[in-house]
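What follows is a set of notes on a single structure, which appears directly below.
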Amino acid sequence: MGDNSYIYAVARIRVKEKYLLSDADVSQMAGMPDAKTVMAFLTDRGWGDAGAAMTADAMLAAEEEKTRKLVQELRIDQSVFDLLSYPQLYHNLKAGIKEICTSEENKKAFYPDERFGREQILKILEEKNWKALPEHMREAAERAYETMLKTRDGQKCDIIVDRACLEAMEQAGRKSKHRVLRDYEESTVAVTDIKIAARAQKTGKNLAFLKEALAPCEQLDVRRLAIAASENQESLLTYLEGHGFREAAEALKESPSAFERWCDNRLIETIRPQKTNPASMGPIIAYYLARQNEIKTVRIILTAKANGFSEEATRERVREMYV
Amino acid sequence: MSMGMVWAILGAALSTALAGIGSAWGVGIAGQAAAGVVSEDPDQFAKVLLLQLLPGTQGIYGLLVTFITLSRIGILGGTQITDTHTGMMYFFACLPIAIVGLISAYHQGKTSVASIGLVAKKPDQFGKAMLFPAMVETYAILSLLVSILAVTNI
């Protein structure tokens, strides 16, 4: 058994897991005729604000807020959840650098964040006050900012920030005392590297680009992955099939949306053993990630319904659920 | 007081103390889990309370053996022990429930936590959930029987 200090929190999470959407629920939503029916189904399941009428975005925001409040109430180490929000944090940095350098206001590009939201990030960048950023971001922020100012190349800026994000996640995961976090961060970096390699291969990027973009990872030989992706799709698929990522190769062959779905499903697989872990931080982290996956899946379904996608096309995009 | 009495009282004290420590630990962790479940689903109170109480029995068994011992060595009744040999016999007779009570309550508490997690997700599986920690009880009962048989036949 794990750490006894998490017994109360894990018991609460076990009750909450009952209300997570299952694969059957997701399948049912995918088969619904429109977004309105999906929203009504979710309202019946307790989503949103006590049955009050609201927009899809407001409903999803309310669910994110519920999860955030729950993990705060559990009175456990919140730094773990800071680590899980690295992608949003680095995303805000990218959005901030682009807004400052291009002078084009884009409020919607930012994730809301109390410490590093739009206002705070823009202030830091304007003052070049790198020390106000978390230590793992400083060097990449300065480099990306200077690169963007000099070259106006948004893609180069993205590569610097995205790689820094992956490296920070990998290092933080490795240092973490929570095994689930180590496994999750390691899988996230591996999956993201594969995603970058697949996209780079499709858009014909060269080896130098790939070497710069891919972050080191224990599950992958990134040098060989970069070489394979810089050659052709066949080489990339052969590399993936030969290194424990056969399903990724099959999904890539199938379609881009099947590949995106594999990426998320792989991460859910990493946390699934926490369903039977009676007492440690693991089930709490897993629940938090499962909720994020659930909200993401609902967003995909609502967007697909709003845009008139067929049931089959919607089903192709939905992710596996944790429960 | 003879050395025999010292040994016998030490055995009686240990049977309550060790089994009680185990029970306090087991009931404590199961109580944390029960509180977690009830904070989200108050309807499960009765079910999780029963599961929380299961590791508490070892403390009662220890107390029972202590009473029987004290009632035979001249404290609450019976005759005072005058020789070391008889006192040590009482001491060793108390050890099964003291040691097994401590360890079984500890593990029963952990099993109760897992069962409370099961009830939290599937309340209709309460009957099965009760059986898992109840299995651990078997060994506490066996040690109680051995201690009682030994103490009453010295």
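The values are calculated or read from the model by the stated rules, or taken from the named source; none is laboratory data. This is a predicted model, so every value here is computed, not measured. FYI the Cβ positions are ideal-geometry reconstructions off the backbone, even for glycines, and counts take in every protein chain you see.
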Helices (runs of 4 or more DSSP H) contained in segment B:1-79 and holding at least 3 residues within 13 Å of another protein chain (Cβ to nearest Cβ), over 11 Å from the mean Cα position of the chain (by Cα) and of a type outside the set (D, E, K, R): B:3-40, B:45-53
Residue list for segment A:69-81, filter: part of a helix (DSSP H, G or I) and either among the aliphatic types (A, V, I, L, M) or more than 16 Å from the chain's Cα centre (by Cα) (or both): A:Lys69, A:Leu70, A:Val71, A:Gln72, A:Glu73, A:Ser79, A:Val80
Looking only at segment B:96-154, and only at residues there that are under 15 Å from B:Gly11 (Cα atoms) and among the polar types (S, T, N, Q), the one that is farthest from the other protein chains (Cβ to nearest Cβ): B:Thr152
Filter pass, B:Ile81 being more than 23 Å from A:Ile13 (Cα to Cα) and touching a strand residue (DSSP E or B) at 6+ places or on another chain (Cβ under 7 Å): yes
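To keep it simple, each residue is scored yes or no on (1) touching a Ser or Thr at 6+ places or on another chain (Cβ under 6 Å); (2) in contact (Cβ under 8 Å) with a residue 40 or more places away in the chain; (3) under 29 Å from A:Val189 (Cβ atoms).
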{"position": "A:Thr55", "(1), (2), (3)": "no, no, no"}
{"position": "A:Met59", "(1), (2), (3)": "no, no, no"}
{"position": "A:Lys66", "(1), (2), (3)": "no, no, yes"}
{"position": "A:Leu70", "(1), (2), (3)": "no, yes, yes"}
{"position": "A:Lys94", "(1), (2), (3)": "no, yes, yes"}
Exclusive hit being touching a Phe, Trp or Tyr at 6+ places or on another chain (Cβ under 8 Å) and either at pLDDT 90 or above or not in a helix (DSSP H, G or I) (or both), set A:Ala249, A:Ala279: A:Ala279
